[in-house]
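First comes the structure, then the notes that go with it.
Throughout, read-outs are computed from the coordinates displayed, never taken from laboratory work. On a predicted model such as this, the values are computed, not experimentally measured, just so you know.
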Amino acid sequence: MISAQSGGARGAPQYYQELQQQQQPRDYDDPDADEEAEMEAERDLAEDAQWKRIQQNTFTRWANEHLKIINQTIANLESDLSDGLRLIALIEVLSQKRMSKHNKRPTFRSQKLENVSVALKFLEIEGIKIVNIGKSDR
């Protein structure tokens, strides 16, 4: 067993000490406790942001590898997939099937959402379960 004093990974005694500290009632009048909690929250957000960036970069590279077949690319996931056109193109490349009728030049939000909906319906028809992903989810 790794002790809390060893330089290795966080050991069980240290884990239990941290758990006890978290379970102790907070003194809301203590500015140091508030500052410590705020700093911990900021660290957690920074770790999440780094993980999200890695995930976005990985998916973008993967998608671009498939989209290069049809001379398309994704630079920004949020903006480039928002109208549904590159999403439809990616699904068509991966499935090697043509998508049903969709708006090729969407200008209105409703047209963009309809394109995303067409792509998601296609995935469901192909047997891919969609959970917590919809045309209006952000």
Next item on the list: Could you list which residues have their amide H under 5 Å from that of Gly84, counting only those 5 or more apart in sequence or on another chain, with H placed in the peptide plane?
Entry: none
Note to self: How high is the relative contact order of the range 63-133? Use alpha-carbon pairs under 8 Å, at least six apart in sequence, and give a whole percent.
What the structure shows: 28 percent
Note to self: Could you tell me what a quarter of the Cα convex hull surface of the range 32-138 works out to, in nm² with one decimal place?
What the structure shows: 8.7 nm²
Margin query: As a quick test, which of the pairs Lys52/Lys101; Lys97/Lys129; Lys68/Lys121; Lys68/Lys104 have an alpha carbon distance above 21 angstrom in this structure?
Written below: Lys52/Lys101; Lys68/Lys121
